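Take a look at the structure below.
The values are calculated or read from the model by the stated rules, or taken from the named source; none is laboratory data. Remember, it's a predicted structure, so these values are computed and weren't measured experimentally. No Cβ is skipped: glycine too gets one built from the backbone with ideal geometry, and neighbour counts run over all protein chains shown. Keep in mind that these areas ignore ligands, DNA and RNA; they rest on the heavy atoms of the full protein, side chains included. Shrake-Rupley method; radii C 1.70, N 1.55, O 1.52, S 1.80 Å.
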Amino acid sequence: MKNLKLLVFVIAMSSSFLTFAQDDEQSNTNESTETLDTSKPTNFYSFLDNTLEYSSQENQNVYGYRGKLTLALSEAHMVLVEAPLLYNDRTSKFGLGDLRARYFFLPYKNYDKTIGAFGASIDVFAPTGSFENGLGSGRFIVSPGLTVGIMAADWIQFFPIASYQYASKPTYNNPSPAADVATHGFSFQVITPIIFSEKFFMQVTPVLKLNNFNDERQDRFEQEVFAAYTLNPKMQLTAFYSGKFEDKNHTVSAGLSVFF
């Protein structure tokens, strides 16, 4: 019950922030605002995303809230910090999941060209979530990557991302001998925005992961689908699905993004 009250408190605080942001926007209606185009991952904006999610796994279900703060430092530099609060019904435990930080550097962007963007990024996940309680991976994960933007048409583009992935040895106690190793892997995904209107778009992203170069049994194919609807120049409704089919892991989420 204490954990449930904490989750309700976090959501209530987030809702209060959103209300404040919306009131602030209405009080500045004379100020010009840029039309959002978040369909392209190489367009940088500053925003707070509040998301409720549910993950169905083979022997457990995980529910939670995920807060994401993205700061566009300039047109070429962006940072993201992500913090999840999760509840696992198998262990009946609630707490902080793995924290994530991401930096994206975009030295080139010209959507008038076929190759419309090029950039590099690095993702870092810290094992702040308890592995024993089913709230975290129990490993540090570092993943640098390269992104290219291919402008196929006004209504569809392709953003392939190739990433190297390093996962540290487990940080939890008494791992099995097979698990007590660091791993090196590779992932390749193609974010494909499909623009239906100025207010609504989707991103379809197939993902191929070679999680461990030394064990092809850990190779995986995943499918992600993201959708966003713009409510006004400062707010978007979002929905997300991720399917990790071989692991019987499916995640759905719904959120509200506030831009500033």
Exercise for the section: Averaging sequence separations of C-alpha pairs under 8 Å and six or more residues apart, then dividing by the length of the chain, give the relative contact order as a whole percent. Expected result: 15 percent
Problem - Partner lysines for residue 113 [C-alpha distance under 17 Å; skip if fewer than 8 residues away on the same chain] - result: 40
Exercise for the section: State in Å² the accessible area per residue of the stretch 197-260; use a 1.4 Å probe, count heavy atoms of protein chains only, and round to the nearest integer. Expected result: 56 Å²
Exercise for the section: Could you tell me what percent of the accessible area of the chain is made up of carbon and sulfur, with a 1.4 Å probe and every protein chain present? Expected result: 60 percent
Practice task
Quote the FRET efficiency, to the nearest 0.05, computed for residue 93 versus residue 215 with a Förster distance R0 of 30 Å and r equal to the Cβ-Cβ distance.
Solution key: 0.55
Practice task
Whole number in Å², please: accessible area per residue of the stretch 71-117, 1.4 Å probe, ligands, DNA and RNA not counted.
Solution key: 55 Å²
Handout entry: Amide N proximity, the stretch 176-212 versus residue 158 label position 7 Å along Cα-to-Cβ, cut-off under 15 Å
Key = 188-194, 204-208
